Amino acid sequence: MKTAVIHEWLVNYAGSERVLEQIINLFPDAELFCQVDFLTEDERWFILNKKARTSFIQKLPFAKTAYRNYLPLMPLAVGRFDLAGHDLIISNSHSVAKGVKKRPGQLHICYCHTPMRYAWDLRDQYLRETGLDSGLKGAFVKFTLDRIRKWDFSVAQRVDHFVANSHYIRDRIKRAYGRDATVIYPPVDIDSFKLGGGKEDYFLAVSRMVPYKKMDLIVDAFSQLGLPLVVIGDGPDFGKVRSAAKKNIEFLGHQEGGELVKYMQKARALIFAAEEDFGIVPVEAQACGTPVIAYGKGGVLETVAPFAGANGRSPLQSRRSAISAKPTGVFFHEQTPEALINAVATFIKLEDKFNPHEIRKNAERFSIERFRREFRDFTEKVWRRSLTRP
C-alpha cells in the first residue's frame, strides 16, 4: 500500500518528531508532507534523509522563524495537499496535520498528541499568558481561535481511527471531538538512558523555558528550600527564570546526549511541574533509576507510580493496571511553590525506599520496540478491517 505521512512542521527534533521517526522507520517508503521544512541536511537523519512536500507557507516571509504566526492559514494549507494515489494516510498531529483531505477508499489514522491546545482546553490560559485576553488584538485572536476550533472539530470527524499518546489525551479527544481513540504510548529511547553508578547531592529540572512548563515555580520553591538544583534547558523565559534564582540553583542551558544522561543518573530526583499530555522527560529520568517529583496531573499519572501511603493513588491511576506497583516518585497536587516544597519534604523522608532497578523497570514499558510493535499491529488490524468494508 502507498502511504502518506503528514507532520505539522519540521524545524527541530522534539517530542512529536520522535514519534515521526518511528513511523517513518515502520513505513520507509512513505511520502512525507508538512507545513514547513527547515531542517538542515545534517538534521534529517531521523526521517531517513527524506525531503518533505511542504505547503505554500514555506515560501511566505519570515516562515522559518515565525511559522506559528501563520496558524490562521494552516487549515487552508493542509487541505491543499494532494494525496491522490495513496492508500494509507498517517497524520502525526498536535495541531492541523489531521486536516488533510482524503478520497474514498483511503484510510486515515491520526496519531494525536493532543487536540489543538490553544483552541480547546488551554485556550484561556494561552490568551492570558500571551497578554491577548483583552483589547482589539485579543478580540481578533479569540475570533480566529473560535474559527479554528470549529474547523478542528469538523476535520476530526473525517479521521477513520484516532490513536492517543495517553489515556489522558484519549479522554480529551472524546470531550473535544466525540471520538474514541486507542492508546499507544509514544516511544522513549530507554537504551540511551541507563542506570548510573550513584547519586550526588542535587535535584534536577529539565525543560524548555516556556510558561506552561512552570520553571519559575520550581525555581521559586528551591530558592526557598535552599537545596541544590540543576536546571537544564533554554527558551524564551530563560532570562526571567534565572534572574529570580538564588545561588543554590545552577543553570546549564541546553544539554543533550551523554551530558544530559549523566545529570539524570546522578540527581536525587527529577522535578517536573508541568501538566503534560504524556511527558517524555520523567520517563527518561526513570530509565536512569531516578525518582520523579511531579505535578500530579496529565500523562505523568500514567508513567510515575507514587507511594500510595504518601500521596494516595488517583482514581485515574486505579483504573490503569499497567502502572507499576513499585513506587517511582512523589506527586504534588497544586501548581504552587508551597505544594512543591511539601512534596520535596515528603520525598526526603522516603528517599531511601526508592529502588533504582524497579524505577527503571517501570520506564521500560515505554520503549521504542514496544511502540513499533503496537503501532504496526494496530495499523495492520484496521487496514485489514477496511478491506472488508462494503
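The values are calculated or read from the model by the stated rules, or taken from the named source; none is laboratory data. Remember, it's a predicted structure, so these values are computed and weren't measured experimentally. Positions of Cβ are generated from backbone atoms using ideal geometry, with glycine treated the same way; all protein chains shown enter the neighbour counts.
The criterion of being without any contact (Cβ under 8 Å) to a residue 60 or more places away in the chain and hydroxyl-bearing (S, T, Y) holds for Y70.
Taking the residues in region 69-111 that are among the aliphatic types (A, V, I, L, M) and in a helix (DSSP H, G or I) as candidates, determine which candidate is nearest to R170 (Cα to Cα).
Ranking the qualifying residues of region 69-111, first place goes to A97.
If the condition is being in contact (Cβ under 8 Å) with a residue 12 or more places away in the chain and small (G, A, S), then region 251-260 contributes only G253. Taken over region 223-250, the residue count meeting the criterion of being more than 19 Å from K199 (Cα to Cα) and without any contact (Cβ under 8 Å) to a residue 40 or more places away in the chain is 16. Within region 359-385, residues that are aromatic (F, W, Y) have Cβ atoms under 6 Å from residues that are crowded, with 17+ Cβ neighbours inside 10 Å and assigned to a helix (DSSP H, G or I) in these pairs: F366/V283; F371/Q22, counting only partners at least 6 apart in sequence or on another chain. On the stretch given as region 125-148, residues that are in contact with a helix residue (DSSP H, G or I) (Cβ under 9 Å, 6 or more places away or on another chain), at pLDDT 70 or above and not aliphatic (A, V, I, L, M) total 4.
Does region 35-51 hold any residues that are in contact (Cβ under 8 Å) with a residue 60 or more places away in the chain and surrounded by fewer than 20 Cβ atoms within 10 Å (Cβ to Cβ), and which are they?
Let us first name the residues in region 35-51 that are in contact (Cβ under 8 Å) with a residue 60 or more places away in the chain, namely 35.
The answer is none; no residue qualifies.
Is it the case that region 227-250 has a residue that's touching a His at 6+ places or on another chain (Cβ under 7 Å) and of a type in the set (D, E, K, R)? Looking through region 227-250, at least one residue is touching a His at 6+ places or on another chain (Cβ under 7 Å) and of a type in the set (D, E, K, R).
For the subset of region 8-24 comprising residues that are among the acidic types (D, E) and touching a helix residue (DSSP H, G or I) at 6+ places or on another chain (Cβ under 6 Å), which member is nearest to I89 (Cα to Cα)? Top of the filtered list is E8. A339 passes every criterion in (1) closer than 30 Å to L107 by Cα; (2) surrounded by 15 or more Cβ atoms within 10 Å (Cβ to Cβ) apart from (1).
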